[in-house]
Amino acid sequence: MTEIGPSLRTVAGAGGTNGVLRVPPAPPAAAAAHFRASLAFHTDVSDVAAALAAGGDPGFVVLDARSTGSWDQGHVPGAVHLPTALVPEQAERLLDRAVPVVTYCWGPGCDGAARAALALAERGFRVKEMLGGFEYWVREGFAYETRKGPGRRPADALTAPVGADACGC
């Protein structure tokens, strides 16, 4: 085996003196519980796109929690538009409580999707947040709709495999 830098045994035995191991990893059972719980709250752009592309009822509705101006600029095809601030007064009218909701906002630097998900959960909806938001939807090369019609950009090689259907994760 070729070593690049210190061996794993040396790093692990160093008493956690580096930033990665200063706080040791959780025991496997605790880590499994954490990541299982995380997946109950989050999904990613690729999984949402694959479910929507499969045809038929994906079993969830996608909700764009951004402003009307943002929606007009571009949104996931088939998404419901419900800005976060309007969730309390309009969620019951626009959404079916029996259908899980996947929220999104602009991107990783925006917590609008999390705020919308919280507002929906507080009203009894089952909800997940789409990690990456609209930014990663576009960056991964998926089609979107705008006020002026459909749009699509080439996949960004830093966020999605170029020329492949899936990343393999």
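The values are calculated or read from the model by the stated rules, or taken from the named source; none is laboratory data. Source: prediction; values computed, not measured. So basically every Cβ, Gly included, is an ideal-geometry build from the backbone, and we count neighbours across all protein chains shown. All accessible areas refer to the heavy atoms of the entire protein, side chains included, with ligands and DNA or RNA removed. Shrake-Rupley method; radii C 1.70, N 1.55, O 1.52, S 1.80 Å.
With each label modelled as a point 7 angstrom along the Cα→C-beta vector, the E89-A143 pair spans 3.5 nm.
Reported value for the range 10-110: 179 Å³ per residue, from the convex hull of its C-alpha atoms.
Placing unit charges on the Cβ atoms only, positive for Lys and Arg and negative for Asp and Glu, gives the chain a dipole magnitude near 220 debye about its Cα centre.
Of the residues R126, R93, the one with the largest accessible area comes first in the ranking R93, R126, computed with a 1.4 Å probe on protein heavy atoms.
For the pair the range 125-145 / the range 86-118, the C-alpha centres are spaced 13 Å from each other.
Ordering V162, V101 from largest to smallest accessible area (1.4 angstrom probe), what's the sequence?
V162, V101
Between 0 and 90 degrees, the angle of helix 28-41 with respect to the longest Cα principal axis of the chain falls at about 20 degrees.
Descending by average beta-carbon neighbour count within 10 Å, the peptides 74-85, 21-32, 39-50, 149-160 line up as 74-85, 39-50, 149-160, 21-32, the highest first.
Calculate the tail of P(r) for the range 32-169: the fraction of all Cα-Cα distances greater than 27 Å, expressed in %. Result: 16 percent of Cα pairs exceed 27 Å. Helix 112-122: angle to the longest alpha-carbon principal axis of the chain, degrees 0 to 90, nearest 10? On a 0 to 90 degree scale, this one is about 80. Each helix, a run of at least 4 DSSP H residues, gives -39500 (n - 2.57); summed and divided by the residues of the chain, these come to -10000 deg cm²/dmol at 222 nm.
For Q73 and A121, the difference between the fully extended length at 0.36 nm per residue and the C-alpha to C-alpha distance is 14.5 nm. Determine the sum of side-chain charges near W71: Lys and Arg each +1, Asp and Glu each -1, restricted to other residues whose C-beta is under 10 angstrom from that of W71. Result for the neighbourhood of W71: -1.
Tally Lys/Arg at +1 and Asp/Glu at -1 over every other residue whose Cβ is under 11 Å from the Cβ of E145; what's the total? Once positives and negatives cancel, what remains is +1. For the chain, the relative contact order works out to 20 percent when only alpha carbon pairs closer than 8 Å and six or more residues apart are counted.
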